[in-house]
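Asker: Take this structure first; my questions come after.
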Amino acid sequence: MRITRLRCRLTACVALLLLSAPLQARADDRMIFDRDVMAVLSKAGYNSGRCHGNQNGKGGLRLSLRGQDPAADYDALTRQFGGRRVNLLEPSASLALLKPLAAVAHEGGRRFSSGSVEHRILSDWIAAGAAREVQTSDHLVDLIVEPAEAILAEPETTLQLKVTAVFADGSRRDVHDLATYEPSNLVCRVDHDGQVRRNGFGLSTVAVRYLHRQVPVRVAFIDPVSDFHWRPPAETNYIDRLNFARLEQLKINPSIPCDDATFVRRAFLDALGILPTADEARQFVADANPNKRVELVDHLLYRPEF
């Protein structure tokens, strides 16, 4: 019994020493927690609101939402739960690896596969001592996504995004396989490595995120119409000019002007979130003033409901 207790104490001491030891990997392949591991947590969806980024956490593990607090996340992974999430004596037995691989029961299911870039980063970080090394040179200062926008016409159905992270020391890194991609609608879907694929025709915005930086990319899939003819109404202001230029690119003619009854209803709903009264609607429709639509909008913008 005494020997068993002594072994347990020695194991705990060795683990604590390893946990506090500095990372000894080469400068060109070192795994940095705030840069590499935090990117993996986001890529795997661990710190999303649906998973451990929830305000109450999941399964006893709580992470900061979208990686806002790397220090707290480091503590949660390495210090809490009896140190079982990160096993420095047997890295491959770390729960931080086994659960996302679904090698043990995990409510969130498999988050990445063995040998994937996420798996390699976590494995190498734990094997090197699971340290948190904070250096200003590793701070992300910019995220460049190319192209910034694209219009794809049939038969084009896919677009590969190029994602480059720029760090404080001036170094650049291709992070297309570690960035997260969130399309704004079902017009398209984006795979693990940033390839956008068409689901249907229309316009979507893909939010590309890496660490604390996020860049929007506008992608349009259009069905070219051979007999399309651009028929814009007269421009009223510079907003019309910008709007019409975009609609022409998308091969969409502006809708024809609506009638007065429709206009007054839409204006009230858009500006105030309420319907006009019956008297307000009748008065607007009966008004013969040619500038009544402009004057109505100005009037609504001054109302307290706006």
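Asker: Within region 112-127, can you find the residues that are in contact with a Phe, Trp or Tyr (Cβ under 7 Å, 6 or more places away or on another chain) and either open to solvent by 30 Å² or more (accessible area, probe 1.4 Å) or of a type in the set (K, R) (or both)?
Answerer: H119
Asker: Here's another thing I want to ask about it. Being open to solvent by 20 Å² or more (accessible area, probe 1.4 Å), part of a strand (DSSP E or B) and hydrophobic (A, V, I, L, M, F, W, C) is the filter here, so list the residues in region 180-206 that pass it.
Answerer: V190, L203, listed by residue number.
Asker: Looking at (1) touching a residue at least 12 places away in the same chain (Cβ under 8 Å); (2) under 17 Å from the mean Cα position of the chain (by Cα), which is the one condition that is false for D191?
Answerer: The failed condition is (1).
Asker: How many residues does region 219-235 hold that are open to solvent by 90 Å² or more (accessible area, probe 1.4 Å) and either at pLDDT 95 or above or in contact with a helix residue (DSSP H, G or I) (Cβ under 8 Å, 6 or more places away or on another chain) (or both)?
Answerer: First pass over region 219-235, keeping only residues open to solvent by 90 Å² or more (accessible area, probe 1.4 Å): 226-227, 229, 231, 235.
The next check asks that each one be either at pLDDT 95 or above or in contact with a helix residue (DSSP H, G or I) (Cβ under 8 Å, 6 or more places away or on another chain) (or both); those that pass are 235.
Residues flagged as open to solvent by 90 Å² or more (accessible area, probe 1.4 Å) and either at pLDDT 95 or above or in contact with a helix residue (DSSP H, G or I) (Cβ under 8 Å, 6 or more places away or on another chain) (or both) within region 219-235 amount to 1.
Asker: Among the residues of region 54-63, which ones are modelled with pLDDT of 70 or more and open to solvent by less than 20 Å² (accessible area, probe 1.4 Å)?
Answerer: Of everything in region 54-63, those that are modelled with pLDDT of 70 or more and open to solvent by less than 20 Å² (accessible area, probe 1.4 Å) turn out to be L61, L63.
Asker: Another question, then. Just checking, how many residues over region 177-212 are charged (D, E, K, R) and in contact with a helix residue (DSSP H, G or I) (Cβ under 6 Å, 6 or more places away or on another chain)? Even if it seems obvious, please write down each step before you answer.
Answerer: Start the filter on region 177-212 by keeping residues that are charged (D, E, K, R), which leaves 177, 182, 189, 191, 193, 197-198, 209.
Subsequent filtering for residues that are in contact with a helix residue (DSSP H, G or I) (Cβ under 6 Å, 6 or more places away or on another chain) retains 177.
Of the residues in region 177-212, 1 are charged (D, E, K, R) and in contact with a helix residue (DSSP H, G or I) (Cβ under 6 Å, 6 or more places away or on another chain).
Asker: Of a type outside the set (D, E, K, R), surrounded by 10 or more Cβ atoms within 10 Å (Cβ to Cβ) and over 30 Å from T164 (Cα atoms): is that true of F268 in this structure? Please lay out each step first, then the result.
Answerer: On the way: of a type outside the set (D, E, K, R): yes; surrounded by 10 or more Cβ atoms within 10 Å (Cβ to Cβ): yes; over 30 Å from T164 (Cα atoms): yes.
The answer is yes for F268.
Asker: If L97 meets every condition in (1) open to solvent by less than 40 Å² (accessible area, probe 1.4 Å); (2) touching a residue at least 40 places away in the same chain (Cβ under 8 Å); (3) within 25 Å of R66 (Cβ to Cβ) apart from one, which number is that one?
Answerer: (2)
Asker: I want to confirm something. Restricting to region 262-306 and keeping residues that are in a loop (DSSP other than H, G, I, E, B) and charged (D, E, K, R), which single residue is farthest from T236 (Cα to Cα)? Please lay out each step first, then the result.
Answerer: Taking region 262-306 first, the residues in a loop (DSSP other than H, G, I, E, B) are 273-277, 287-291, 303-306.
Now drop any that are not charged (D, E, K, R), which leaves 287, 303, 305.
Values: D287: 21, R303: 23, E305: 26 Å.
Only one residue fits best here, namely E305.
Matching residues to (1) out of contact with any Ser or Thr (no Cβ under 9 Å at 6 or more places or on another chain); (2) of a type in the set (S, T, N, Q); (3) in contact (Cβ under 8 Å) with a residue 40 or more places away in the chain:
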position: L211; (1), (2), (3): no, no, yes
position: P224; (1), (2), (3): yes, no, yes
position: N237; (1), (2), (3): yes, yes, no
position: Q249; (1), (2), (3): yes, yes, yes
position: L300; (1), (2), (3): yes, no, no
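The values are calculated or read from the model by the stated rules, or taken from the named source; none is laboratory data. Remember, it's a predicted structure, so these values are computed and weren't measured experimentally. All Cβ positions, even for glycine, are placed from backbone atoms using ideal geometry, and neighbour counts span all protein chains on display. The accessibility values were calculated without ligands, DNA or RNA, using every heavy atom of the protein model including side chains. Shrake-Rupley method; radii C 1.70, N 1.55, O 1.52, S 1.80 Å.
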